[in-house]
Amino acid sequence: MGNFIGALPGAISQGLIWGIMAIGVYITYKILDIADLTVDGSFCTGGAMFVVLFAEGVNIWVCLLAALGVGMLAGLVTGLLHTVCGIPAILSGILTQLGLWSVNLAIMGMKANVAINIIDRAQLDRLLVSLRFVREVVNGDRPFYRHPIFVVGLFTLAVIGVLYWFFGTERGASLRATGANGNMARAQGINTDVNKVLGLMVSNGLVALSGALLSQYQSFADTSMGKGAIVIGLAAVIIGEALFGRVFRNFALKLLSVSLGAIIYYVVIQAVISLANINSNYLKLISACVVALFLSVPYWKGRYFAKKPGGKEVGSRA
Amino acid sequence: MLEIKGIWKTFNAGTVNEKVALKGVDLTLADGDFVTVIGGNGAGKSTLLNAVAGVWPVDQGSITIDGVDVTHLAEYKRAKYIGRVFQDPMMGTAATMQIDENLALAARRGRFRGLRRGISRAERQEYRALLETLDLGLEDRLTSKVGLLSGGQRQALTLLMATLQRPKLLLLDEHTAALDPKTAAKVLDTTEKIVGRDKLTTLMITHNMRDAIAHGNRLIMMYEGRIVIDVSGQQKKELTVETLLGLFSKVSGSDEADDKLLLG
């Protein structure tokens, strides 16, 4: 039990970082109604880009911006494959993801992983977030505001703030319409193709930013760090919706619930590791089962519990 | 206002399901014409409207709206000139967005959508007043999700959206077909009001011959991908179901005027 309590701040920090990725997934999966598998690749692209640039001594904000940029590029590729080449969205994402495997290796100089040398205090001090800081804050070696929960929490709020603003603009509203009803959007003069590409870019930009934060936090990037990212993202979206959907109606709060969903996911995973003593190799299997279960609940509900008086829309996604 | 010249459209060309839906249709609408379109199933009515709206490219021919050749223009670009209401009430609105948001989207049809606010306070006031004219109580539900509305309410809203920014051409694709008779009559009444008020050039498909006769200043009937009857002016005013059926059997060469034609 003490083990679990001790690991809690770390789990929350990780959950917050993955929460930013999950917000990216929310944009494609919930708003655009596209299951985008690019994220499994672009998450690592962001991490790799960040670590390589950081090791070169580049300013950390430039590194983060670069990560965001390559993520958006990955989204652009998927978007063009889907809209210009007419490839189904899910397959476009798989193609980009596969291609990114090589790209990620190339960014990391054909190595499977690259690390930040945090033994070097000067390097460590340049970081915004690090697993090390969790303990250092507790020991009083660093001020509280350097705690990863605080820093990533601020990042999350900033991301939510920007997205809340964006989806309230004319362009943002047209993006929501694109996902809600493409026919209606086109009839209202909205170029749905451009909007899909834009949404995929924003989404993957956030995913790569999240990857950059994670590689910073764990002080390394490796080719497999994004494996199953889409499932974690979906898990966060679903958990957030299941727990807070009835209370959180506002768009900003919906995004917040996604982030909270990711935190809960990581805390539960941590609990499973520390309390149930399960080999962590089984985590991906457990995650897959949990997400499959949650995705099937609305369908079963619609099938077997339909036609309740008063309940009109069954199995609706809204 | 609208000039259609010799348009052809074939679906599933080269397969067993090949269907020549439009066989060289010519049609010219003057400014302010309110044309009703009738015809049996598969006559090409919806295909004609979709061709004008640009849902897909036509195989041959040209379409001009107010002097602008739109034949090769993408659907979303043509939307600048065209207001549309569909048969399916689900199709014309975004169910997961609010009533006011849907209206705000329609208010920006054909304009560049940038980073200005998607909807302003002044707009909301304006929409409230507009919704009042529908007399459906929607003015008090501005921030309700459109998915909560009934089919009739959604069609009335779609109609409002299609005409919020005066379109050069209004396309109504059996927009009352999915509604119960009472609601259908109300939506049709609203249609008549708006078209009359803004003097809109309109193409309205209907499955109901009586509606086709009662509304508009011109009536066309389609049959097997062609326009076979085109009645306007005084002749249109004096039209009855019987004379229309008589005209049809003369043109189509068949004695029995199809029941399907009358019933939809």
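The values are calculated or read from the model by the stated rules, or taken from the named source; none is laboratory data. In this text, all values refer to a predicted model and were calculated from it rather than measured experimentally. Cβ coordinates were reconstructed from backbone atoms using ideal geometry, including for glycine residues, and neighbour counts include every protein chain displayed. Side chains included, ligands, DNA and RNA excluded: accessible areas come from the protein's heavy atoms. Shrake-Rupley method; radii C 1.70, N 1.55, O 1.52, S 1.80 Å.
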**Q.** Single unsatisfied condition, B:LYS19 versus (1) at pLDDT below 95; (2) among the charged types (D, E, K, R); (3) loosely packed, with under 13 Cβ neighbours inside 10 Å
**A.** (3)
Q.
Residues that are more than 30 Å from A:ILE119 (Cα to Cα), over 11 Å from the mean Cα position of the chain (by Cα), without any contact (Cβ under 8 Å) to a residue 24 or more places away in the chain and open to solvent by 40 Å² or more (accessible area, probe 1.4 Å): does the stretch A:226-242 have at least one?
A. yes
Q: Check the stretch A:137-160 and report whether any residue there is of a type outside the set (A, V, I, L, M, F, W, C), in contact with a Leu (Cβ under 7 Å, 6 or more places away or on another chain) and surrounded by fewer than 22 Cβ atoms within 10 Å (Cβ to Cβ).
A: yes
Q) Can you name the residue in the stretch A:161-209 that is open to solvent by 20 Å² or more (accessible area, probe 1.4 Å) and touching a Phe, Trp or Tyr at 6+ places or on another chain (Cβ under 7 Å) and, of all such residues, is farthest from the other protein chains (Cβ to nearest Cβ)? A) A:TYR164
**Q.** Selection count, the stretch A:68-105, where residues are in contact with a helix residue (DSSP H, G or I) (Cβ under 9 Å, 6 or more places away or on another chain) and open to solvent by less than 70 Å² (accessible area, probe 1.4 Å)
**A.** 24
Q: Can you tell me which residue among B:GLY147, B:GLY110 is within 8 Å of another protein chain (Cβ to nearest Cβ), open to solvent by less than 40 Å² (accessible area, probe 1.4 Å) and at positive phi?
A: B:GLY110
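State all residues of the stretch B:76-88 that are touching a Ser or Thr at 6+ places or on another chain (Cβ under 9 Å) and either within 11 Å of chain A (Cβ to nearest Cβ) or at pLDDT 95 or above (or both); if no residue qualifies, say none.
Start the filter on the stretch B:76-88 by keeping residues that are touching a Ser or Thr at 6+ places or on another chain (Cβ under 9 Å), which leaves B:76, B:83-87.
Hits for the stretch B:76-88 are B:TYR76, B:GLY83, B:ARG84, B:VAL85, B:PHE86.
Can you spot a residue in the stretch A:219-240 that is within 14 Å of chain B (Cβ to nearest Cβ) and either among the charged types (D, E, K, R) or out of contact with any Leu (no Cβ under 8 Å at 6 or more places or on another chain) (or both)?
At the first step, the residues of the stretch A:219-240 found to be within 14 Å of chain B (Cβ to nearest Cβ) are none.
Scanning the stretch A:219-240 turns up no residue that is within 14 Å of chain B (Cβ to nearest Cβ) and either among the charged types (D, E, K, R) or out of contact with any Leu (no Cβ under 8 Å at 6 or more places or on another chain) (or both).
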Q) Quick one: what pairs do we get from the stretch B:90-102, first residue within 12 Å of B:HIS175 (Cβ to Cβ), second assigned to a strand (DSSP E or B) and open to solvent by less than 40 Å² (accessible area, probe 1.4 Å), C-beta under 7 Å, 6+ apart or different chains? A) B:GLY92/B:VAL85
Q | Of the criteria (1) of a type in the set (A, V, I, L, M); (2) at pLDDT 85 or above; (3) within 30 Å of A:LYS111 (Cβ to Cβ), which one A:VAL247 fails | A | (3)
